[in-house]
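Engineer: Take a look at this one; I'll ask things after.
Every number here is computed from the coordinates shown, using simple stated rules; none is lab data. In this text the structure is predicted, and so the values were computed from the model without any measurement. Neighbour counts run over all protein chains shown; Cβ positions are idealised from the backbone, glycine included.
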Amino acid sequence: MERGIYRPWLTPIAKWIFLAQNWAMVEVFIIGVIVSLVKIAAMATVVLGISFWAYAGFSICFTLAVASLDRYQCWHRIEQLRAA
């Protein structure tokens, strides 16, 4: 969309993104992970490795990216490209 070229796969991908946006719940999962780590830490030694920090970073980036995506502006731009 940024280049101003319409691709036939653009509409189905946009539909999947907006459908997945409602079901992603990445922030809910990270809260569950943190609660689980706190509970397990009472019973054993817990070391937060690279995988935890990578997922925490992914959660933040994904949440910010989805929150800044304007659905109506995106569809308007796809319709403009399709008409051109």
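Engineer: I'd like the Karplus ³J(HN,Hα) series for segment 14-28: coefficients 6.51, -1.76, 1.60, θ = phi - 60°, whole numbers in Hz, and an x wherever there's a Gly or Pro.
Structural biologist: 5, 4, 5, 5, 6, 6, 5, 4, 6, 10, 5, 6, 4, 5, 5
Engineer: Please give the calculated 222 nm ellipticity per residue for the chain, where each DSSP H segment of at least 4 residues contributes -39500 (n - 2.57) and the sum is spread over every residue; nearest 500 deg cm²/dmol?
Structural biologist: Numbers: 4 runs with 61 residues, N = 84.
Using -39500 (n - 2.57) per qualifying helix, the result is -24000 deg cm²/dmol.
Engineer: At 0.36 nm per residue, minus the direct Cα-Cα distance, what do residue 16 and residue 55 gain on full extension? Give it in nm, one decimal, please.
Structural biologist: Once the chain is fully extended between residue 16 and residue 55, it gains 11.8 nm.
Engineer: Mind listing P(r) for the chain? All alpha-carbon pairs, 5 Å bins, whole percents.
Structural biologist: Taking all Cα pairs of the chain, the binned fractions are 2, 12, 18, 16, 13, 11, 9, 7, 5, 4, 2, 1, 0 percent.
Engineer: Most fluctuating residue of 57, 49, 32 in a GNM of the chain with Cα springs under 10 Å: which is it?
Structural biologist: Highest fluctuation among the options: 49.
Engineer: Of 35, 55, 4, which is farthest on the positive side of the dipole of the chain, counting Cα position, with +1 on Lys and Arg Cβ, -1 on Asp and Glu Cβ, and the Cα centre as origin?
Structural biologist: 4
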